Amino acid sequence: MASRALAVWEHRKVVGLLVRRDLKVKYQQSILGYAWTMLEPLALTLVYFFVFGVILQADRGMPADAPAYGGFLLFLVAGILPWTTFGAILNEAPRAMITHSKLITTMKVPREIFPMATVGTKFVEYLLTWPVLILFVIFLGGRPSWEGVLVWLPLAILLQFTMGLGLTLLLSSVNVLVRDVERLVRIASRILFYGSAILYPASLVLDSPKVPEWLMIAYQMNPLLGIFEMHRAVWFAGFEELTPGPIAITSAVVGSLLMVIIGYWTFRRLEMSVLKEL
Amino acid sequence: MAQTDYGADLATGPVIEAKGLGVKFAVNRRRKRSLREMFIHGTKRDPNAEGDEFWPLRDVSFEVARGDCVGIVGKNGTGKSTLLKMIAGVLIPDEGEVHVRGKVAPLLELRAGFNDNLTGRENVYLVGSLHGMSEKQIDERFEEIVDFAEIKSKFVDTPVRHYSSGMKVRLGFALISQLEHPIMLVDEVLAVGDKAFKRKCYEAIERMLANHRTMVLVSHNEGDLRRFCNRGLYIKGGSLAVDTDIEAALAAYNEDTKAEIAKRKKADEAKKKRAEEAEKKAEEGKDGGQAA
């Protein structure tokens, strides 16, 4: 186990190379290149703002004085930008090993580095969405706080990418053996998107009298709920309704750690069969 | 416990050491069961397991000393490439162990790692670094690689997807042959390229062998094998049949092939005879019918 970690560490340069290659290939052949990384979530945000904010009035779950600090629009942007990255990880996770089959079957490297490179690429792309977010924060009057920037932000990023890596390790290896995973993930990704309170404040569900107690707990057990609440708490510090509760925080931390353990265990367990199938 | 172990020490002793090597492939539907095996250890409780397993290679043991050039011969599908993959460490054996001392330059598939969307130059840097070359080393050798591959300078910065298949293969060989790893694994790649390029490949390989590099070569070309190898392994039906010099290995292989051809001929003849007899009978029957 320790020697394996060392081997991965020795190959960190390879991870960097793969990340750089993926980014290069991605941006090389389009005219707008980097602009797409911002345009896509922007377009999505506007659509969702219209549908959920204006038509369905999901913003009624927002605190009363939130509009002064960015309101529902900033709320959406701060959630959708990290989700775009997470959704992209989910989307590419099943193919993380398959697309590199040529390299995996001819080169002796620790196989973990391929899922790691996939997640690494997404991490860089996530950082690239930051300029958009900052612009929104400035123009809409967001109110960042020290608590948000020093606690919620690093925690949210750390947990999100730990979760992403665990999922990628799990899905990429299982998908080599059972290709159904790809389709399953597409459905799961939709469910998670709507179940993680990205388009509406979680308080709409938590304060609703129609939702039974057990479902409320199950809803809060979703580790992504806590992660995305943290992402937004950075800009809406001090609003009780927009700060993740204890159940959400615990399930986010425990869920992410559990995911990476399960993912790595499965990955190592299936490694032999995966190599034969590639 | 099955494993592939890579020691970095360059002390004396065999460079490649295989002990009781075996690998198992599941056939058909049983592949899916590997998922179940993950949770339930062992397959002994499974009564059908035996029938669905296939051992392309089993109980193979040998040692390769420094500077040896070993040729592996055998029919198609007897596990030659599988063996090379295990030495390269890209396939984990189910039984036995391989110890490899020193880095391996694998020429298992020449185009491997080239991304179609990147240019020739970018690919050389990427794949070179993946195989452990530093940027400086590649800088120094870039000209040489491109020269060797006979790629015109105007194509160096063209995406590889516009290359002809020959160009890709030449660039791949040129790059891998620049690696200074002590062990080379070559799988049937000398068959590519035109005559002039082949000659260059031969020279490159001879130069490497003169440098005391160890090489394992899988090929169906007897000329290549005789030219480079001082040892031969003949793999027959998934196990090591002969481990001697290359001449003897080739002789054993050829003998078996001849025997097989003879057998097939015999079977063919028998079949023909049967067909003829059947025809005769039918004709006789017809004649008889007409006579009656």
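Miscellaneous remarks
- Selected residue [within 14 Å of chain B (Cβ to nearest Cβ), touching a residue at least 12 places away in the same chain (Cβ under 8 Å) and among the small types (Gly, Ala, Ser)] from A:189, A:251, A:196, A:173: A:173
Results for (1) in contact with a helix residue (DSSP H, G or I) (Cβ under 8 Å, 6 or more places away or on another chain); (2) among the aromatic types (Phe, Trp, Tyr); (3) more than 22 Å from residue A:130 (Cα to Cα); (4) more than 11 Å from chain B (Cβ to nearest Cβ), shown as yes or no for each residue.
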position: A:11; (1), (2), (3), (4): yes, no, yes, no
position: A:14; (1), (2), (3), (4): yes, no, yes, no
position: A:28; (1), (2), (3), (4): no, no, no, no
position: A:32; (1), (2), (3), (4): yes, no, no, yes
position: A:43; (1), (2), (3), (4): no, no, no, yes
position: A:53; (1), (2), (3), (4): yes, no, yes, yes
position: A:58; (1), (2), (3), (4): yes, no, yes, yes
position: A:61; (1), (2), (3), (4): yes, no, yes, yes
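- Residues (in contact with a Phe, Trp or Tyr (Cβ under 7 Å, 6 or more places away or on another chain) and away from chain A (no Cβ under 11 Å)) located in the range B:90-145: B:120, B:124, B:138
- Which numbered condition residue B:270 fails, given (1) hydrophobic (A, V, I, L, M, F, W, C); (2) assigned to a helix (DSSP H, G or I); (3) surrounded by 12 or more Cβ atoms within 10 Å (Cβ to Cβ): (3)
- Pairs where the first residue, in the range A:16-39, is surrounded by 13 or more Cβ atoms within 10 Å (Cβ to Cβ) and basic (Lys, Arg) and the second is modelled with pLDDT of 85 or more and not in a loop (DSSP other than H, G, I, E, B), C-beta under 6 Å, 6+ apart: A:21/B:126
- Annotation note: of A:211, A:178, A:253, the sole residue that is closer than 30 Å to residue B:23 by Cα, surrounded by fewer than 21 Cβ atoms within 10 Å (Cβ to Cβ) and in contact with a helix residue (DSSP H, G or I) (Cβ under 9 Å, 6 or more places away or on another chain) is A:178.
- Identity of the residue in the range A:255-275, among the small types (Gly, Ala, Ser) and farther than 15 Å from residue A:115 by Cβ, that ends up nearest to the other protein chains (Cβ to nearest Cβ): A:273
- Residue within the range A:101-111 that is away from chain B (no Cβ under 14 Å) and among the aliphatic types (A, V, I, L, M) present: no
- Check on residue A:77, within 14 Å of chain B (Cβ to nearest Cβ), within 24 Å of the chain's Cα centre (by Cα) and buried (at least 16 other Cβ atoms within 10 Å of the Cβ): no
- If you go through the range A:107-141 and pick out every residue that is farther than 30 Å from residue B:84 by Cα, touching a residue at least 60 places away in the same chain (Cβ under 8 Å), within 21 Å of the chain's Cα centre (by Cα) and part of a helix (DSSP H, G or I), you end up with 9.
- Residue check, residue A:81 of a type outside the set (Val, Ile, Thr), at pLDDT below 90 and farther than 23 Å from residue B:117 by Cα: no
- Filtered residue count, the range B:251-269, keeping only those that are of a type in the set (A, V, I, L, M) and touching a strand residue (DSSP E or B) at 6+ places or on another chain (Cβ under 6 Å): 1
- Within the range A:99-106, one or more residues are out of contact with any helix residue (DSSP H, G or I) (no Cβ under 9 Å at 6 or more places or on another chain) and in a helix (DSSP H, G or I).
- Residues in the range A:61-85 that are closer than 20 Å to residue A:124 by Cβ and among the small types (Gly, Ala, Ser): A:78 only.
- Of the residues B:124, B:146, the single one that is under 24 Å from the mean Cα position of the chain (by Cα), at pLDDT 85 or above and either buried (at least 17 other Cβ atoms within 10 Å of the Cβ) or under 19 Å from residue A:105 (Cβ atoms) (or both) is B:124.
The values are calculated or read from the model by the stated rules, or taken from the named source; none is laboratory data. Keep in mind that this is a model prediction, so the values were computed, not measured. Using ideal geometry, Cβ is built from the backbone for each residue, glycine included, and neighbour counts are taken over all protein chains shown.
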